[in-house]
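Novice: Let me begin by handing over the structure; questions about it come next.
The values are calculated or read from the model by the stated rules, or taken from the named source; none is laboratory data. No experiment lies behind these values; they were computed from the predicted model shown. Cβ sites come from the backbone with ideal geometry, for glycine too, and all protein chains shown count toward neighbours. Ligands, DNA and RNA are stripped out before the accessible areas are found, and what is left, the full protein with its side chains, is counted by its heavy atoms. Shrake-Rupley method; radii C 1.70, N 1.55, O 1.52, S 1.80 Å.
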Amino acid sequence: MSGFLHNLDLYKQGGQSHLYKTMLDGIQIAVKTPIQGRPSSLKAFRKELTIIQNLPPHPNVQTPIQVGGNADLEFYTALWVEQSLSDYVGCVEQIGDAIPQILLGICEGIKHIHNQGVLHLDVKPANILLADNFRPVIIDFGLSRLLGSPPDQLSDVPEGTYQYMAPELWNLGRASAATDIYSLGLTVLHLLTGKLPFVTSSIESVKQGHLNIKHPLIPQNTEWHRLNYWLSKTVAPNPAQRFFNMNDTIDELCVGLDLS
């Protein structure tokens, strides 16, 4: 079953994994593997696989098709999706009418993950694919962990994507549902405006930027200004000042989108 692993062209190398794109039985699929010869990569891969295999299927969360491997290499496959949310950052006019369903779909996916006791901890545009009819699909559970479990921290440098990382993670603090909600807020803001609310010239500037975000984040005379309250409750530096859970997050998002 794993014969297709030979002669694959590497599509992308992440921090702890390789991603390949290939055809299998007439279907385009993604193949994810750990980085060979790196024990930490194999450990992270197995942890991710355990998490996604235990998640019940949901239309807004990636589901593996096949899991396998041999003594040399382990893998899992999933349907290949060409586009991600990052392709539309700053140019949402190309998908304007689909924005509400995309944002609500992302929220429903995160809600589903949280309901299983899992934190994603790397919500960002590149980790949200856009499948058929702009259906968002959350991927990459490489940093995910069960709610209440400590991080697999190898150093004093936090793991994650710094531009979307909640302030509590910078100090290796406790992660919660509010941590994913923070990253969700910055993801939505980046999509709609094409920019983040701070300078990204250095790691330290990003860290300070997270602690000093100025509101309102969307100008009052623009299309999405009704989301300013929602954004203020997602990207508050103090997690206690954010939405408590995804139900509250979704309810207020519907108000901001004028869907309530």
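Novice: Could you tell me how many degrees, from 0 to 90 and to the nearest 10, lie between the Cα long axis of helix 177-193 and the main elongation axis, the longest principal axis, of the Cα atoms of the chain?
Specialist: Orientation of helix 177-193: about 80 degrees from the principal axis.
Novice: Also: Sort Lys207, Lys195 from largest to smallest accessible area, using a 1.4 Å probe on the heavy atoms of the protein chains.
Specialist: Lys195, Lys207
Novice: Taking only C-alpha pairs under 8 Å that are 6+ residues apart, what is the relative contact order of the chain in percent?
Specialist: 15
Novice: Right, another one. In Å, what Rg and Dmax follow from the Cα atoms of the stretch 149-219?
Specialist: Looking at the stretch 149-219, its Cα Rg and Dmax stand at 12.5, 41 Å.
Novice: Suppose accessible area is computed on protein heavy atoms with a 1.4 Å probe; arrange Glu48, Glu252 from highest to lowest.
Specialist: I get Glu252, Glu48, largest accessible area first.
Novice: Between 0 and 90 degrees, rounded to the nearest ten: what's the tilt of helix 246-256 against the longest Cα principal axis of the chain?
Specialist: Compared with the principal axis, the helix lies near 50 degrees.
Novice: Follow-up. Pull out a ≥ b ≥ c, the square roots of the eigenvalues of the alpha-carbon gyration tensor of the stretch 124-260, then state rounded if a/c is under 1.5, prolate if not and a/b is larger than b/c, and oblate in the remaining case.
Specialist: prolate
Novice: With both partners inside the chain, how many of the DSSP beta bridges are antiparallel, as a percent to the nearest 5?
Specialist: 95
Novice: Given a Förster distance of 25 angstrom, what is the FRET efficiency for Met23 paired with Asp87, based on the Cβ-Cβ distance and rounded to 0.05?
Specialist: For R0 = 25 Å, the calculated efficiency reads 0.65.
Novice: Considering only Cα-Cα distances, which of the following residue pairs are longer than 19 Å: Lys43/Lys124; Lys21/Lys124; Lys124/Lys207?
Specialist: Among Lys43/Lys124; Lys21/Lys124; Lys124/Lys207, the Cα-Cα distance tops 19 Å for Lys43/Lys124; Lys21/Lys124.
Novice: Just subtract the alpha-carbon distance of Arg174 and Ser201 from 0.36 nm times their residue separation and send over the number in nm, one decimal.
Specialist: 7.0 nm
Novice: Here is a follow-up. Taking the alpha-carbon set of the stretch 186-257, what are its Rg and Dmax in Å?
Specialist: For the stretch 186-257, the Cα-based Rg and Dmax read 12.6, 36 Å.
Novice: Still on this structure, I have one more. Roughly how many Å² of Trp170 are accessible to a 1.4 Å probe, to the nearest 10?
Specialist: 20
Novice: Among 96-104, 137-145, what's the highest-first ranking by average C-beta atoms within 10 angstrom per residue?
Specialist: Put in order of decreasing packing, that is 137-145, 96-104.
Novice: Would you work out if the stretch 1-138 is rounded, prolate or oblate? Take a ≥ b ≥ c from the square roots of the eigenvalues of the alpha-carbon gyration tensor; rounded if a/c is under 1.5, else prolate when a/b is larger than b/c, oblate otherwise.
Specialist: The shape class here is prolate.
Novice: Helix 99-115 versus the longest principal axis of the chain: what is the Cα-based angle in degrees, 0 to 90, to the nearest 10?
Specialist: Tilt relative to the chain: about 60 degrees.
Novice: Here's a follow-up. Please report the accessible area of His114 (heavy atoms, 1.4 Å probe, ligands and nucleic acids excluded) in Å², nearest 10.
Specialist: Ignoring ligands and nucleic acids, His114 comes out at about 30 Å².
Novice: Restricting things to alpha carbons, find the Rg to Rh ratio for the stretch 8-85 using the Kirkwood radius for Rh.
Specialist: With Rg and the Kirkwood Rh in hand, the quotient comes to 0.95.
Novice: Then there's this: Summarise the accessible area of the chain (1.4 Å probe, protein heavy atoms) by the percent that is carbon and sulfur.
Specialist: With neighbouring chains kept in place, the figure for the chain is 51 percent.
Novice: Would you tell me the accessible area of Cys91, worked out with a 1.4 angstrom probe on the heavy atoms of the protein chains, in Å² to the nearest 10?
Specialist: 30
Novice: Hey, another quick one. Roll a 1.4 Å probe over the protein chains and send me the accessible area per residue for the stretch 177-249 in Å².
Specialist: Dividing the accessible area of the stretch 177-249 by its residue count gives 47 Å².
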